[in-house]
Amino acid sequence: MTQVEINKQAHLSEHFTLGEATKSRHAEIYNIPSHVAIENLKRVCVWLEELRTRYNQQYVFSRNEEGGRRNENTSEAPIIITSGYRSPQLNRKVGGSPTSNHLTGCAVDIRVAGIEQAMRYAVILMDYADETKQDYDEILIEKNRYGAIWVHFAVRPKDNRRKTMMLQV
C-alpha cells in the first residue's frame, strides 16, 4: 500500500505552512486535507497574518519601546497553531464535534499565554472583521479542565455566523 504524504513546507501564507496546519500528536492517523480544505486553510491564514502583524505592532513592539529594550534583534511573536485541519478519523480521536470547522480546514486553534492574550487576539480579529467588512464564523476562547487556554478561530467561504464566546471544554 502506498502512503500518501503532503509537502509540509508548502506555504499557506508568508508565515504559515501546511505542516503547521495539519500537525497532530496522533501521527498514526491519516490527516491529509483535500484541495478545498487547503484553500480554506489559506483563507484562515490571511486572518492569522493580520493577527500576527497587529499583535506585534500593538503589544510586542510598543512594550519593547516603552521599556527601552527595542533593538534591531527584537523578534516578532509568532502565532502558533496547535490544531488546524483534522481528518474525520483524527477529529473523532480528539473528541471533536462531528460538525467541526476543523474538518473542512476552516478552523485553527491558536496557543496563547493566558486569558489576557486570548482576549487581545479576539479583539484584533473582531476589529479586522469590522474594518474589512468581512465575517468570521467563530472566535472562541476555550479553557479545558486542566486550565489550558486557547483561541479557536474559524472563517468559512460563506454563511459565517460571527459566533463569539468563552467556553469551558
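The values are calculated or read from the model by the stated rules, or taken from the named source; none is laboratory data. What you are looking at is a predicted structure, and each value in this text was computed from that prediction instead of being measured. For neighbour counting, all protein chains shown are included, and Cβ atoms are generated from backbone atoms with ideal geometry for every residue, glycine included. Keep in mind that these areas ignore ligands, DNA and RNA; they rest on the heavy atoms of the full protein, side chains included. Shrake-Rupley method; radii C 1.70, N 1.55, O 1.52, S 1.80 Å.
Quick rundown of the values:
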read-out	value
Val151 vs. criteria touching a helix residue (DSSP H, G or I) at 6+ places or on another chain (Cβ under 6 Å) and either part of a helix (DSSP H, G or I) or surrounded by 12 or more Cβ atoms within 10 Å (Cβ to Cβ) (or both)	yes
Candidate set: the stretch 11-31, residues that are modelled with pLDDT of 95 or more and over 14 Å from the mean Cα position of the chain (by Cα); chosen: the one nearest to Tyr121 (Cα to Cα)	Glu14
Failed criterion for Gln57 (all others in (1) modelled with pLDDT of 95 or more; (2) over 16 Å from His102 (Cα atoms) hold)	(1)
Selection from the stretch 27-60 of residues that are open to solvent by 30 Å² or more (accessible area, probe 1.4 Å) and either touching a strand residue (DSSP E or B) at 6+ places or on another chain (Cβ under 8 Å) or part of a loop (DSSP other than H, G, I, E, B) (or both)	Ala27, Glu28, Ile29, Tyr30, Ile32, Ser34
Every residue from the stretch 125-148 that is part of a loop (DSSP other than H, G, I, E, B) and farther than 24 Å from Gln58 by Cα	Asp137, Asn144, Arg145, Tyr146, Gly147, Ala148
When residues of the stretch 87-106 are limited to those that are in contact with a Phe, Trp or Tyr (Cβ under 8 Å, 6 or more places away or on another chain) and assigned to a loop (DSSP other than H, G, I, E, B), the one surrounded by the most Cβ atoms within 10 Å (Cβ to Cβ)	Gly105
Residue count for the stretch 70-92, restricted to those that are modelled with pLDDT of 95 or more and over 17 Å from Val46 (Cβ atoms)	10
Subset tally (residues that are open to solvent by 10 Å² or more (accessible area, probe 1.4 Å) and either touching a residue at least 12 places away in the same chain (Cβ under 8 Å) or closer than 18 Å to Arg156 by Cα (or both)) for the stretch 107-121	7
